[in-house]
1. May I ask you to verify whether B:ILE321 is modelled with pLDDT of 90 or more, in contact with a Leu (Cβ under 7 Å, 6 or more places away or on another chain) and assigned to a helix (DSSP H, G or I)?
2. When residues of region A:76-102 are filtered for being within 7 Å of another protein chain (Cβ to nearest Cβ), of a type in the set (A, V, I, L, M) and either touching a strand residue (DSSP E or B) at 6+ places or on another chain (Cβ under 6 Å) or not in a helix (DSSP H, G or I) (or both), how many remain?
3. Can you tell me how many residues in region B:12-24 are surrounded by fewer than 16 Cβ atoms within 10 Å (Cβ to Cβ) and either under 17 Å from A:LEU94 (Cβ atoms) or facing chain A (nearest Cβ under 8 Å) (or both)?
4. Mind checking which helices (runs of 4 or more DSSP H) fall wholly inside region A:113-196 and carry at least 2 residues that are at pLDDT below 90 and surrounded by fewer than 18 Cβ atoms within 10 Å (Cβ to Cβ)?
5. Examine region B:316-335 for a residue that is within 19 Å of B:LEU40 (Cβ to Cβ), within 14 Å of chain A (Cβ to nearest Cβ), within 42 Å of the chain's Cα centre (by Cα) and of a type outside the set (Val, Ile, Thr), and state whether such a residue exists.
6. Criterion first (within 30 Å of the chain's Cα centre (by Cα) and aromatic (Phe, Trp, Tyr)) does B:PHE232 satisfy it?
7. Out of B:LEU43, B:LEU5, B:LEU33, I need the residue that is farther than 19 Å from B:TYR336 by Cα and surrounded by fewer than 18 Cβ atoms within 10 Å (Cβ to Cβ). Which one?
Amino acid sequence: MIKATNLTKTYHTGHLKLDVLKGLNMHVKTGEFVAITGKSGSGKSTLLYQLSCLDHPTSGEIYIDKTEITKLKRNQRSLFRLNTLGYVFQDYALLPSLSAIENVMIPLLMQGNSQEQARHQAVQALTQVGLADKLNNLPSQLSGGQQQRVSIARAIGNNPKVLFADEPTANLDSDTSLMLLESFKQLHDQGQTILMVTHEDEYAKQADRILTLQDGVFV
Amino acid sequence: MQTWLHQTNINIKVGWFLAVREIKRGNRWNISLIIFVMMLTFLNLVVVRGILVGLPAGVITANREQYTGDVFLTPLDTQDTIQNSPLVIDLIRQLPTVKTLSARYSGSAKIEANFYQTLQSDQLPDVVNGKLLGINPDKEDSLSQLSTYIVAGQYLSTNDIDQAILDTGLLEQYSTDNTGLPNVHIGDKLRLTVGQNTRVITVKGFLDTKAQGFTGVILMPDHQVQSMLNRFDYGINQIAIRSVNGTTPEQIKQTLNANQIDQYATIETYQESLPSFIQDIAATFSILGNIIGSIGLVVAAITVFIVIFVNAITRRKYIGILKGIGIHRAAIEWSYIFQSLFYATIGSLIATIIIFTLLIPYFDANPLDFPFSDGILLVTPGGTAIRAGLLLIATLAAGYFPARMVVNQNTLDSILGRQ
């Protein structure tokens with residue numbers, strides 16, 4: 001499903017050169033739940049950004065389901081993210097002026113679905129994460145855990161091939177975090193490929209496999 | 001091409017979806033303020049220009065309604081009076097498209113006030129020069145409603161003898177620079193000299209109109225002026241014609257030409273008879289109005305630009321998130337365009353309602369009192385629609401560019417709040 005070869009990412013700040021990822025190789029199988037851990041500054045989120053088409057590596061190749069995403073142009077990457085990937089951000093990243101169902105509908109509308117179709121699929125996704133009774137609530141009317149579940153529903157609404165989650169439990173209490181991870185497990189059980197970045201070893205253990213990053217390389 | 005159209009269609013739908021919700025759930029005070037600014041901008045665009053072009057329009061209207069009528073006849077260049085005046089008047093009266101006419105005698109005159117007082121050796125008599133106009137009071141009033149412009153005393157009647165109405169421009173008590181005849185009151189005796197003829201007349205009333213043609217006039221019944229000017233051939237100097245409803249001045253002029261009246265008189269529509277300086281003023285004010293309107297349009301565009309830019313930059317993170325989850329940048333730009341158009345449309349609509357239900361009726365009832373005209377607010381539905389269209393176009397551009405600037409920023413930097 002995901003294959004990265006000799007992946008590097010270097011940031012240049014003035015005269016300073018910072019090698020964040022140093023020639024990584026990794027492979028994620030279809031249906032696998034992989035957790036990426038490491039201390040702060042180890043490059044976990046940077047790796048996720050490269051794999052999820054949000055950023056461009058300095059060198060190396062990344063294949064997602066046989067598509068070399070490193071060669072895609074800007075609009076192609078956007079379309080690829082829309083149709084193939086799902087993303088759960090650290091701080092929920094919901095649009096405050098859209099209700100729960102509208103936040104989930106947006107990418108579905110962008111795929112060309114009618115409003116009725118998008119609404120139907122959004123209801124299904126929100127039901128799947130246990131928020132069928134919160135469809136018309138604005139993010140400000142939802143708890144942190146509920147907002148994160150809406151974020152998950154938005155990410156899975158278009159049936160992505162891969163679900164990326166960047167520190168999804170960072171802003172949640174432990175009980176809510178466990179509930180969220182339970183949602184991930186259920187999705188995984190349904191065959192969803194998940195790549196999750198976390199600095200919590202306890203949560204990483206929920207995954208099939210743990211990859212630990214240290215100073216830009218896997219240990 | 002089809003793919004591009006399909007994608008554009010989706011972008012517009014998603015943009016609309018986002019814009020509607022942003023407006024519905026946005027801060028009401030912010031939205032109201034933006035709409036208020038757009039309303040003021042549109043008012044500036046329409047009303048300032050409307051007053052500027054309304055000033056010369058007021059002059060033109062006053063001239064038409066109070067002096068020249070719809071069509072104005074004057075002597076041919078080589079003549080002092082309209083040739084065969086009685087025949088011409090009879091011909092005109094028979095035309096079915098003519099509602100009424102006023103034939104006027106005109107001549108230069110000198111008028112003295114307080115002439116019966118003994119003057120000191122170093123005193124000068126109170127004398128002004130004016131224009132003597134002989135009118136049929138009833139027909140004149142039918143054409144120009146002149147009696148409504150009497151500010152003191154009474155209007156003339158047909159049988160008046162040695163009675164006159166003076167324009168307030170001849171009188172010191174109505175001037176701002178102490179020129180004119182001093183101490184003239186209703187009922188006073190004045191000495192009127194026309195050529196070799198001198199008569200003592202009684203002041204019956206004072207006239208105050210904005211029509212340039214009546215500035216500095218002394219009005220008397222036509223039969224008496226005809227005698228004073230020795231018009232034994234009844235040679236008239238002016239014929240003002242009012243047409244029936246639905247007939248244009250050009251049509252009247254064509255009819256008169258067809259009846260060969262142009263052999264006896266110069267025939268002009270009310271616009272053609274305007275002094276050239278008024279036409280120049282009208283053209284200049286129109287240009288000024290367009291310049292001021294254009295400045296207003298630029299100000300409106302800058303306002304929208306700033307509003308949308310601030311809106312977009314404060315939502316940079318959410319724009320990044322939208323792009324991150326695969327929303328096309330064009331869809332996001334469309335949402336800002338729709339929001340801009342919403343503000344401009346509502347603002348223009350409110351301003352238009354204010355203009356047509358409040359301002360125009362107000363200015364019609366209470367025109368601005370300028371010395372040379374009544375300042376009216378000249379606004380037409382067509383002109384307003386054009387200006388609304390221009391504002392929408394300016395707003396569209398002003399909403400698009402700042403949105404594009406923010407949307408084009410790096411997606412990840414926007415999400416993470418990096419510069």
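The values are calculated or read from the model by the stated rules, or taken from the named source; none is laboratory data. Here the structure is a predicted model, which is why all the values come from computation and not from measurement. Every residue, glycine among them, receives a Cβ derived from its backbone with ideal geometry; neighbour counts consider all protein chains shown.
1. no
2. Matching residues across region A:76-102 total 3.
3. 1
4. A:174-189
5. Within region B:316-335, not a single residue is within 19 Å of B:LEU40 (Cβ to Cβ), within 14 Å of chain A (Cβ to nearest Cβ), within 42 Å of the chain's Cα centre (by Cα) and of a type outside the set (Val, Ile, Thr).
6. Taking the combined requirement at face value, the residue does not satisfy it.
7. B:LEU5
Rundown of residues vs (1) within 14 Å of chain B (Cβ to nearest Cβ); (2) polar (S, T, N, Q), yes/no style:
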site	(1), (2)
A:PRO160	yes, no
A:LEU181	no, no
A:THR198	no, yes
A:ALA204	no, no
